[in-house]
Amino acid sequence: MSKKIEGFSKLSKAEKINWVTQIHFEDASEAKKIISSYNHNNEEKQKLHDEFIENSITNYYIPLGVAPNFVINGKEYTLPMATEESSVVAAACNAAKFWASRGGFKTKILGTQKIGQVHFLFEGKTKQLQTFFEQKKPMLIDSISSLTANMEKRGGGIVDIRLKDKSDLIEDYYQLHLTFETVDSMGANFINSCLEKIAKTLQSLAVDHEVFLKERFSIEVIMSILSNYVPQCLVEAEVRCPVRSLGGQTGMSGMQFAQKFILAIEISQKEPYRAVTHNKGIMNGIDAVVIATGNDFRAVEAGVHAFAARNGIYSSLSNAFLEGDDFVFKLKLPLSLGTVGGLTQLHPMVKWSLELLGNPNAKNLMEIVAVAGLAQNFAAVRSLITSGIQKGHMKMHLLNILNQHQASANQKEKALEYFKTQTITYSAVNDFLKSNP
Ligand code: MEV
(Lines give C-alpha, C1' and ligand atoms only; values in the text may rest on other atoms or scores of the structure.)
Protein backbone atom coordinates (compact mmCIF):
# COMPACT_ATOMS: atom_id res chain seq x y z
CA MET A 1 0.00 0.00 0.00
CA SER A 2 1.28 3.52 -0.81
CA LYS A 3 2.48 5.55 2.10
CA LYS A 4 1.74 8.82 0.32
CA ILE A 5 -1.42 10.84 0.96
CA GLU A 6 -2.97 14.03 -0.43
CA GLY A 7 -4.82 16.48 1.81
CA PHE A 8 -3.77 14.83 5.08
CA SER A 9 -4.04 18.07 7.06
CA LYS A 10 -7.73 18.34 6.08
CA LEU A 11 -8.63 15.01 7.72
CA SER A 12 -10.15 14.98 11.19
CA LYS A 13 -7.89 13.98 14.08
CA ALA A 14 -9.51 10.52 14.24
CA GLU A 15 -9.04 10.05 10.49
CA LYS A 16 -5.39 11.05 10.77
CA ILE A 17 -4.84 8.52 13.56
CA ASN A 18 -6.59 5.83 11.51
CA TRP A 19 -4.50 6.52 8.46
CA VAL A 20 -1.16 6.73 10.21
CA THR A 21 -1.68 3.60 12.32
CA GLN A 22 -3.14 1.51 9.51
CA ILE A 23 -0.50 2.46 6.98
CA HIS A 24 2.60 2.41 9.15
CA PHE A 25 2.06 -0.18 11.91
CA GLU A 26 1.78 -3.94 11.92
CA ASP A 27 -0.72 -3.86 14.77
CA ALA A 28 -2.85 -0.78 14.07
CA SER A 29 -5.10 -1.26 17.06
CA GLU A 30 -2.13 -1.45 19.47
CA ALA A 31 -0.59 1.66 17.87
CA LYS A 32 -3.91 3.46 18.28
CA LYS A 33 -4.11 2.45 21.93
CA ILE A 34 -0.72 4.01 22.63
CA ILE A 35 -1.73 7.21 20.85
CA SER A 36 -4.93 7.45 22.80
CA SER A 37 -3.29 6.67 26.17
CA TYR A 38 -1.14 9.80 25.74
CA ASN A 39 -4.08 11.98 24.79
CA HIS A 40 -5.26 14.25 27.61
CA ASN A 41 -8.54 13.06 29.12
CA ASN A 42 -9.69 16.66 29.41
CA GLU A 43 -10.97 17.50 25.94
CA GLU A 44 -10.46 21.22 26.26
CA LYS A 45 -6.84 20.85 27.39
CA GLN A 46 -6.14 18.44 24.57
CA LYS A 47 -7.64 20.84 22.06
CA LEU A 48 -5.36 23.58 23.36
CA HIS A 49 -2.31 21.40 22.76
CA ASP A 50 -3.57 20.17 19.41
CA GLU A 51 -3.89 23.75 18.24
CA PHE A 52 -0.22 24.51 18.91
CA ILE A 53 0.80 22.64 15.76
CA GLU A 54 -0.41 21.08 12.53
CA ASN A 55 -1.44 17.41 12.36
CA SER A 56 -1.32 16.84 16.12
CA ILE A 57 -2.44 13.30 16.99
CA THR A 58 -1.52 13.07 20.68
CA ASN A 59 1.06 14.35 23.19
CA TYR A 60 4.70 13.44 23.59
CA TYR A 61 5.70 13.41 27.24
CA ILE A 62 8.99 14.61 28.64
CA PRO A 63 9.26 14.55 32.44
CA LEU A 64 9.21 17.88 34.27
CA GLY A 65 11.55 17.75 37.26
CA VAL A 66 12.30 20.43 39.82
CA ALA A 67 15.70 21.36 41.22
CA PRO A 68 15.50 23.20 44.55
CA ASN A 69 18.17 25.07 46.55
CA PHE A 70 19.40 27.43 43.86
CA VAL A 71 20.60 30.73 45.32
CA ILE A 72 20.88 33.34 42.58
CA ASN A 73 21.93 36.87 43.47
CA GLY A 74 20.91 36.14 47.05
CA LYS A 75 17.40 34.91 46.15
CA GLU A 76 16.26 31.30 46.50
CA TYR A 77 14.80 29.45 43.53
CA THR A 78 13.47 26.04 42.59
CA LEU A 79 14.11 25.46 38.89
CA PRO A 80 11.66 23.68 36.57
CA MET A 81 13.52 21.32 34.24
CA ALA A 82 11.95 19.45 31.33
CA THR A 83 14.33 16.76 30.18
CA GLU A 84 14.47 13.09 29.30
CA GLU A 85 18.10 12.61 30.37
CA SER A 86 18.16 10.73 33.65
CA SER A 87 21.05 12.45 35.44
CA VAL A 88 20.36 16.10 34.54
CA VAL A 89 18.03 17.09 37.38
CA ALA A 90 20.06 15.19 39.97
CA ALA A 91 23.23 16.96 38.79
CA ALA A 92 21.51 20.35 38.98
CA CYS A 93 20.32 19.61 42.52
CA ASN A 94 23.84 18.61 43.62
CA ALA A 95 25.47 21.68 42.15
CA ALA A 96 22.76 23.98 43.56
CA LYS A 97 23.30 22.63 47.07
CA PHE A 98 27.07 22.74 46.75
CA TRP A 99 27.09 26.41 45.73
CA ALA A 100 24.25 27.48 48.06
CA SER A 101 26.65 26.89 50.94
CA ARG A 102 29.41 28.85 49.17
CA GLY A 103 27.67 32.14 48.44
CA GLY A 104 25.38 31.00 45.62
CA PHE A 105 25.39 32.08 41.97
CA LYS A 106 25.86 35.65 40.78
CA THR A 107 24.76 36.90 37.39
CA LYS A 108 25.07 39.92 35.15
CA ILE A 109 23.13 40.91 32.04
CA LEU A 110 25.62 42.20 29.46
CA GLY A 111 23.10 43.13 26.77
CA THR A 112 19.57 42.48 25.50
CA GLN A 113 19.70 43.56 21.85
CA LYS A 114 18.44 41.39 19.02
CA ILE A 115 19.14 41.49 15.32
CA GLY A 116 17.04 41.28 12.17
CA GLN A 117 18.07 41.60 8.53
CA VAL A 118 16.59 42.40 5.15
CA HIS A 119 18.77 40.72 2.52
CA PHE A 120 18.58 42.28 -0.93
CA LEU A 121 20.27 42.78 -4.29
CA PHE A 122 21.07 46.13 -5.89
CA GLU A 123 22.90 46.44 -9.18
CA GLY A 124 23.84 50.12 -8.99
CA LYS A 125 26.74 51.83 -7.26
CA THR A 126 27.15 51.40 -3.53
CA LYS A 127 27.45 55.19 -3.10
CA GLN A 128 24.05 55.71 -4.79
CA LEU A 129 22.47 53.15 -2.49
CA GLN A 130 24.06 54.75 0.56
CA THR A 131 22.69 58.18 -0.36
CA PHE A 132 19.26 56.70 -1.01
CA PHE A 133 19.34 54.87 2.34
CA GLU A 134 20.36 57.95 4.34
CA GLN A 135 17.60 59.96 2.68
CA LYS A 136 14.90 57.35 3.19
CA LYS A 137 15.87 56.08 6.62
CA PRO A 138 13.22 58.15 8.49
CA MET A 139 10.55 56.86 6.09
CA LEU A 140 11.63 53.28 6.58
CA ILE A 141 11.34 53.64 10.34
CA ASP A 142 8.08 55.56 10.01
CA SER A 143 6.54 52.84 7.89
CA ILE A 144 6.52 50.45 10.86
CA SER A 145 5.31 52.90 13.50
CA SER A 146 2.02 51.03 13.88
CA LEU A 147 4.00 47.86 14.66
CA THR A 148 6.49 49.48 17.02
CA ALA A 149 4.05 51.72 18.96
CA ASN A 150 3.16 49.08 21.56
CA MET A 151 6.71 47.85 21.90
CA GLU A 152 7.90 51.42 22.42
CA LYS A 153 5.34 51.87 25.21
CA ARG A 154 6.94 48.88 26.93
CA GLY A 155 10.43 50.37 26.50
CA GLY A 156 11.52 48.54 23.35
CA GLY A 157 11.50 49.07 19.58
CA ILE A 158 14.09 49.69 16.89
CA VAL A 159 17.46 50.76 18.26
CA ASP A 160 19.40 51.03 15.04
CA ILE A 161 19.10 50.49 11.30
CA ARG A 162 22.13 50.27 9.04
CA LEU A 163 22.91 49.56 5.45
CA LYS A 164 25.60 46.93 5.07
CA ASP A 165 27.56 46.37 1.89
CA LYS A 166 28.03 42.62 1.52
CA SER A 167 28.97 42.69 -2.16
CA ASP A 168 32.36 41.21 -1.28
CA LEU A 169 30.49 38.00 -0.36
CA ILE A 170 28.00 37.87 -3.24
CA GLU A 171 27.76 40.25 -6.20
CA ASP A 172 25.26 43.10 -5.57
CA TYR A 173 24.35 41.76 -2.15
CA TYR A 174 23.39 44.28 0.60
CA GLN A 175 21.58 44.14 3.92
CA LEU A 176 19.50 46.33 6.11
CA HIS A 177 20.83 45.33 9.51
CA LEU A 178 18.42 46.24 12.30
CA THR A 179 18.89 46.14 16.05
CA PHE A 180 15.88 45.71 18.31
CA GLU A 181 14.95 45.75 21.97
CA THR A 182 11.99 43.47 22.61
CA VAL A 183 11.80 43.80 26.44
CA ASP A 184 10.06 40.74 27.91
CA SER A 185 9.14 39.04 24.67
CA MET A 186 11.55 36.88 22.71
CA GLY A 187 10.37 39.08 19.87
CA ALA A 188 10.61 36.79 16.84
CA ASN A 189 7.15 37.69 15.52
CA PHE A 190 7.59 41.37 16.26
CA ILE A 191 11.00 41.50 14.56
CA ASN A 192 9.90 39.52 11.51
CA SER A 193 6.78 41.65 11.03
CA CYS A 194 8.88 44.83 11.23
CA LEU A 195 11.41 43.44 8.76
CA GLU A 196 8.82 42.37 6.20
CA LYS A 197 7.14 45.78 6.32
CA ILE A 198 10.45 47.64 6.06
CA ALA A 199 11.48 45.46 3.12
CA LYS A 200 8.26 46.37 1.27
CA THR A 201 8.81 50.04 1.99
CA LEU A 202 12.42 49.80 0.85
CA GLN A 203 11.41 48.24 -2.41
CA SER A 204 8.62 50.69 -3.13
CA LEU A 205 10.72 53.74 -2.24
CA ALA A 206 13.36 52.46 -4.65
CA VAL A 207 10.79 52.19 -7.46
CA ASP A 208 10.01 55.92 -7.13
CA HIS A 209 13.58 57.08 -6.57
CA GLU A 210 14.62 59.35 -9.43
CA VAL A 211 18.29 58.37 -9.65
CA PHE A 212 17.35 54.68 -9.71
CA LEU A 213 14.56 55.33 -12.23
CA LYS A 214 16.93 57.09 -14.56
CA GLU A 215 19.46 54.26 -14.44
CA ARG A 216 16.80 51.49 -14.24
CA PHE A 217 18.12 50.22 -10.93
CA SER A 218 15.83 48.41 -8.55
CA ILE A 219 16.06 46.67 -5.22
CA GLU A 220 15.27 42.99 -5.18
CA VAL A 221 14.48 41.75 -1.68
CA ILE A 222 15.63 38.15 -1.19
CA MET A 223 14.40 37.61 2.36
CA SER A 224 13.63 39.33 5.65
CA ILE A 225 14.26 37.46 8.88
CA LEU A 226 15.55 37.85 12.41
CA SER A 227 18.93 36.39 13.27
CA ASN A 228 19.21 33.77 15.98
CA TYR A 229 22.80 34.86 16.42
CA VAL A 230 22.45 37.28 19.32
CA PRO A 231 25.92 38.05 20.67
CA GLN A 232 24.58 41.33 22.09
CA CYS A 233 21.86 39.54 24.07
CA LEU A 234 24.31 38.23 26.58
CA VAL A 235 24.34 37.01 30.16
CA GLU A 236 27.08 35.94 32.51
CA ALA A 237 26.76 33.63 35.53
CA GLU A 238 29.47 33.01 38.06
CA VAL A 239 30.33 31.14 41.23
CA ARG A 240 33.37 31.71 43.39
CA CYS A 241 34.68 30.45 46.70
CA PRO A 242 37.95 30.20 48.57
CA VAL A 243 40.01 27.38 47.07
CA ARG A 244 40.31 25.73 50.46
CA SER A 245 36.52 25.25 50.65
CA LEU A 246 36.64 22.97 47.57
CA GLY A 247 38.63 20.38 49.50
CA GLY A 248 37.55 17.29 51.33
CA GLN A 249 34.62 16.22 49.17
CA THR A 250 36.61 14.41 46.50
CA GLY A 251 39.68 12.99 48.21
CA MET A 252 41.67 15.88 46.75
CA SER A 253 42.78 19.06 48.46
CA GLY A 254 40.96 22.24 47.43
CA MET A 255 43.96 23.32 45.36
CA GLN A 256 44.31 19.92 43.65
CA PHE A 257 40.62 20.00 42.75
CA ALA A 258 40.77 23.61 41.53
CA GLN A 259 43.85 22.99 39.38
CA LYS A 260 42.45 19.85 37.79
CA PHE A 261 39.13 21.60 37.17
CA ILE A 262 40.84 24.60 35.56
CA LEU A 263 42.89 22.29 33.35
CA ALA A 264 39.74 20.43 32.26
CA ILE A 265 38.20 23.77 31.26
CA GLU A 266 41.37 24.80 29.43
CA ILE A 267 41.18 21.59 27.40
CA SER A 268 37.57 22.46 26.49
CA GLN A 269 38.68 25.91 25.44
CA LYS A 270 41.42 24.65 23.14
CA GLU A 271 40.16 21.34 21.80
CA PRO A 272 36.94 21.34 19.73
CA TYR A 273 36.09 17.63 20.21
CA ARG A 274 36.06 18.17 23.95
CA ALA A 275 34.51 21.65 23.66
CA VAL A 276 31.41 20.30 21.92
CA THR A 277 30.74 17.73 24.65
CA HIS A 278 31.56 20.25 27.36
CA ASN A 279 29.03 22.71 25.91
CA LYS A 280 26.51 19.89 25.44
CA GLY A 281 26.71 19.41 29.19
CA ILE A 282 25.95 23.11 29.67
CA MET A 283 22.99 22.83 27.27
CA ASN A 284 21.61 19.94 29.34
CA GLY A 285 20.80 22.52 32.00
CA ILE A 286 19.97 25.40 29.66
CA ASP A 287 17.55 23.49 27.42
CA ALA A 288 15.72 21.89 30.34
CA VAL A 289 14.74 25.29 31.78
CA VAL A 290 14.23 26.85 28.34
CA ILE A 291 11.77 24.08 27.42
CA ALA A 292 9.98 24.20 30.80
CA THR A 293 9.46 27.94 30.36
CA GLY A 294 8.08 27.56 26.83
CA ASN A 295 11.02 29.16 25.03
CA ASP A 296 12.51 28.26 21.67
CA PHE A 297 15.37 25.89 22.47
CA ARG A 298 16.37 25.52 18.80
CA ALA A 299 16.94 29.27 18.59
CA VAL A 300 18.91 29.19 21.83
CA GLU A 301 20.99 26.21 20.70
CA ALA A 302 21.81 27.76 17.30
CA GLY A 303 22.79 31.09 18.85
CA VAL A 304 24.84 29.57 21.64
CA HIS A 305 26.92 27.32 19.37
CA ALA A 306 27.58 30.16 16.92
CA PHE A 307 28.78 32.21 19.89
CA ALA A 308 31.01 29.34 21.00
CA ALA A 309 32.71 29.51 17.59
CA ARG A 310 32.94 33.31 17.43
CA ASN A 311 36.75 33.38 17.53
CA GLY A 312 37.11 30.96 14.64
CA ILE A 313 37.54 27.87 16.79
CA TYR A 314 34.69 26.10 18.57
CA SER A 315 35.44 26.59 22.25
CA SER A 316 34.11 26.24 25.79
CA LEU A 317 31.41 28.68 26.87
CA SER A 318 32.71 28.54 30.43
CA ASN A 319 35.92 29.61 32.03
CA ALA A 320 37.61 28.81 35.36
CA PHE A 321 40.57 30.46 37.05
CA LEU A 322 42.12 31.39 40.37
CA GLU A 323 41.81 34.95 41.61
CA GLY A 324 43.77 35.56 44.79
CA ASP A 325 42.65 32.79 47.14
CA ASP A 326 39.42 32.24 45.21
CA PHE A 327 38.37 29.67 42.65
CA VAL A 328 36.17 31.38 40.04
CA PHE A 329 33.96 29.60 37.53
CA LYS A 330 32.04 31.61 34.89
CA LEU A 331 29.71 31.05 32.00
CA LYS A 332 28.96 33.66 29.34
CA LEU A 333 26.41 32.98 26.64
CA PRO A 334 23.76 34.63 24.45
CA LEU A 335 20.16 33.85 25.39
CA SER A 336 17.18 35.28 23.59
CA LEU A 337 14.23 34.46 25.85
CA GLY A 338 10.73 35.70 26.54
CA THR A 339 8.38 35.65 29.49
CA VAL A 340 5.44 37.13 27.58
CA GLY A 341 4.02 36.13 24.22
CA GLY A 342 4.52 32.80 22.47
CA LEU A 343 3.44 29.83 24.57
CA THR A 344 3.99 31.61 27.89
CA GLN A 345 0.34 32.46 28.53
CA LEU A 346 -1.04 29.43 26.72
CA HIS A 347 0.69 26.28 27.89
CA PRO A 348 -0.50 25.47 31.43
CA MET A 349 2.85 23.91 32.41
CA VAL A 350 4.75 26.89 31.06
CA LYS A 351 2.60 29.23 33.14
CA TRP A 352 3.16 26.96 36.11
CA SER A 353 6.93 26.90 35.59
CA LEU A 354 7.10 30.68 35.31
CA GLU A 355 5.10 31.04 38.52
CA LEU A 356 7.47 28.56 40.21
CA LEU A 357 10.27 30.98 39.29
CA GLY A 358 8.33 33.94 40.71
CA ASN A 359 7.14 35.17 37.30
CA PRO A 360 10.51 36.54 36.17
CA ASN A 361 10.94 39.14 33.47
CA ALA A 362 13.04 38.19 30.43
CA LYS A 363 16.27 39.46 32.02
CA ASN A 364 15.68 37.46 35.20
CA LEU A 365 14.94 34.40 33.12
CA MET A 366 18.20 34.85 31.19
CA GLU A 367 19.99 34.88 34.53
CA ILE A 368 18.21 31.80 35.85
CA VAL A 369 18.82 29.85 32.64
CA ALA A 370 22.51 30.78 32.58
CA VAL A 371 22.80 29.55 36.17
CA ALA A 372 21.19 26.25 35.18
CA GLY A 373 23.91 25.90 32.54
CA LEU A 374 26.75 26.77 34.89
CA ALA A 375 25.44 24.39 37.58
CA GLN A 376 25.16 21.57 35.08
CA ASN A 377 28.65 22.24 33.75
CA PHE A 378 30.08 22.27 37.26
CA ALA A 379 28.43 18.95 38.11
CA ALA A 380 29.64 17.32 34.90
CA VAL A 381 33.25 18.52 35.10
CA ARG A 382 33.41 17.69 38.81
CA SER A 383 32.33 14.11 38.06
CA LEU A 384 34.68 13.84 35.10
CA ILE A 385 37.76 14.82 37.09
CA THR A 386 36.86 12.77 40.16
CA SER A 387 34.70 9.62 40.04
CA GLY A 388 34.20 9.61 36.27
CA ILE A 389 30.83 10.30 34.69
CA GLN A 390 29.49 6.77 34.48
CA LYS A 391 29.04 6.18 38.21
CA GLY A 392 26.41 8.90 38.65
CA HIS A 393 25.06 8.47 35.14
CA MET A 394 24.42 4.76 35.45
CA LYS A 395 22.99 5.18 38.94
CA MET A 396 20.36 7.48 37.48
CA HIS A 397 19.96 5.24 34.45
CA LEU A 398 19.43 2.07 36.49
CA LEU A 399 15.67 2.53 36.66
CA ASN A 400 15.53 2.94 32.88
CA ILE A 401 17.42 -0.33 32.41
CA LEU A 402 15.16 -2.11 34.90
CA ASN A 403 12.09 -0.77 33.12
CA GLN A 404 13.48 -1.90 29.78
CA HIS A 405 13.74 -5.38 31.26
CA GLN A 406 10.19 -5.06 32.63
CA ALA A 407 11.42 -5.72 36.17
CA SER A 408 8.74 -6.11 38.84
CA ALA A 409 8.45 -3.69 41.76
CA ASN A 410 10.10 -6.25 44.00
CA GLN A 411 12.99 -6.80 41.58
CA LYS A 412 13.48 -3.04 41.28
CA GLU A 413 13.67 -2.62 45.02
CA LYS A 414 16.23 -5.43 45.35
CA ALA A 415 18.26 -4.16 42.37
CA LEU A 416 18.40 -0.59 43.68
CA GLU A 417 19.80 -1.95 46.95
CA TYR A 418 22.24 -4.37 45.28
CA PHE A 419 23.65 -1.82 42.82
CA LYS A 420 24.41 0.70 45.58
CA THR A 421 27.74 -1.10 45.88
CA GLN A 422 28.11 -2.73 42.43
CA THR A 423 29.08 -1.33 39.04
CA ILE A 424 26.00 -0.85 36.90
CA THR A 425 26.11 -2.17 33.34
CA TYR A 426 23.38 -3.57 31.08
CA SER A 427 24.71 -7.08 31.42
CA ALA A 428 25.17 -6.83 35.20
CA VAL A 429 21.52 -5.77 35.53
CA ASN A 430 20.46 -8.54 33.18
CA ASP A 431 22.39 -11.14 35.21
CA PHE A 432 20.96 -9.78 38.45
CA LEU A 433 17.38 -10.07 37.18
CA LYS A 434 17.99 -13.62 35.95
CA SER A 435 19.27 -14.73 39.34
CA ASN A 436 16.50 -12.78 41.18
CA PRO A 437 13.36 -13.73 39.23
C1 MEV B 1 26.23 14.17 29.16
O2 MEV B 1 24.91 14.42 28.79
C3 MEV B 1 26.98 15.47 29.35
C4 MEV B 1 28.49 15.32 29.63
O5 MEV B 1 29.10 14.56 28.60
C6 MEV B 1 29.06 16.73 29.65
C7 MEV B 1 30.56 16.79 29.72
O8 MEV B 1 31.24 15.86 29.27
O9 MEV B 1 31.05 17.82 30.23
C10 MEV B 1 28.72 14.63 30.91
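The values are calculated or read from the model by the stated rules, or taken from the named source; none is laboratory data. The structure displayed is predicted, hence computed values, not measured ones. For neighbour counting, all protein chains shown are included, and Cβ atoms are generated from backbone atoms with ideal geometry for every residue, glycine included. Just the protein is used for accessible areas: all its heavy atoms, side chains included, with ligands, DNA and RNA removed. Shrake-Rupley method; radii C 1.70, N 1.55, O 1.52, S 1.80 Å.
Tabulated values for the structure
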| quantity | calculated |
| --- | --- |
| Hydrodynamic radius by Kirkwood, which averages 1/r over all alpha carbon pairs of region 222-375, in angstrom | 16.7 Å |
| Residue (of VAL381, ALA188, SER56) at the positive-pole extreme of the chain, dipole from beta-carbon charges | VAL381 |
| Where the chain is the region considered: accessible area per residue in Å², 1.4 Å probe | 53 Å² |
| Local net charge near SER167, Cβ-Cβ under 11 Å (Lys/Arg +1, Asp/Glu -1) | -2 |
| Calculated diffusion of region 393-435, Stokes-Einstein form, Kirkwood radius summed over Cα pairs, 37 °C and 0.692 mPa s, µm²/s | 328 µm²/s |
| Estimated FRET transfer efficiency when R0 is 51 angstrom, pair LYS214-GLU152 (beta carbons, to 0.05) | 0.85 |
| Zone residues, region 331-349, relative to HIS49, backbone N less than 14 Å from point 7 Å out along Cα-to-Cβ | 347-349 |
| Full-stretch length increase - ALA14, THR78 - with 0.36 nm per residue and alpha-carbon distance subtracted | 19.1 nm |
| Over region 1-140: Rg over Rh, Cα atoms, Kirkwood Rh | 1.22 |
| Calculated SAXS-style log₁₀ I(q)/I(0) at q = 0.16, 0.19 Å⁻¹ - region 314-437, Debye, Cα scatterers | -0.92, -0.97 |
| Under 13 Å, Cβ to Cβ, from ASN295 - net charge with Lys/Arg +1 and Asp/Glu -1 | -3 |
| Part-to-part distance (alpha-carbon centres) for region 41-111 and region 234-275, which is given in Å | 25 Å |
| Surface share of carbon and sulfur [accessible, 1.4 angstrom probe, percent] for region 262-412 | 55 percent |
| For the chain, with +1 on Lys and Arg beta carbons and -1 on Asp and Glu, the positive-most of ASN361, TYR426, VAL289 along the dipole | TYR426 |
| Nonlocal amide H pairs with GLY65, under 5 Å, H built at 1.01 Å | MET81, ALA82, THR83 |
| Neighbourhood charge, 13 Å Cβ-Cβ cut-off, centred on ALA188 and excluding it, Lys, Arg +1 and Asp, Glu -1 | 0 |
| Where the Cα pairs of region 169-262 fall when distances are cut into 10 Å bins, in % | 12, 25, 17, 13, 12, 10, 7, 3, 0 |
| Debye, to nearest 20: dipole size of region 393-435, +1 on Lys, Arg Cβ, -1 on Asp, Glu Cβ | 40 debye |
| Listed residue pairs exceeding 26 Å between alpha carbons, taken from LYS280/LYS395; LYS153/LYS332; LYS280/LYS391 | LYS153/LYS332 |
| Theoretical ellipticity at 222 nm over the chain - DSSP helices of four or more residues, -39500 (n - 2.57) apiece, nearest 500 | -15500 deg cm²/dmol |
| Electrostatic dipole magnitude of the chain [Cβ: Lys, Arg +1; Asp, Glu -1; Cα centre; debye, to 20] | 920 debye |
| Hydrodynamic radius (Kirkwood) for region 8-50, which is based on Cα pairs only, to one decimal in Å | 11.1 Å |
| Cα-based Rg / Dmax (Å) for the chain | 26.5, 90 |
| Inter-label distance for ILE109 and SER56, nm, one decimal - labels placed 7 Å from Cα along Cα-to-Cβ | 3.1 nm |
| For q = 0.13 Å⁻¹, Debye-computed log10 I/I(0) when each Cα of region 114-226 counts as one equal scatterer | -0.47 |
| Stretch gain in nm, segment ASP142-ASP325, where the contour uses 0.36 nm per residue and the Cα spacing is subtracted | 60.3 nm |
| FRET efficiency, SER245 to THR179 (Cβ-Cβ, R0 30 Å, nearest 0.05) | 0.10 |
| Under 27 Å from the Cα of LYS10 - lysines, other chains or at least 8 residues apart | LYS32, LYS33, LYS45, LYS47 |
| Virtual paramagnetic centre 7 Å along Cα→Cβ of LEU343, amide N under 14 Å, in region 79-120 | 81-84 |
| With at most 16 neighbouring Cβ atoms within 10 Å, loop trypsin sites (Lys or Arg not before Pro) (DSSP) excluded, longest segment of the chain | 311-419 |
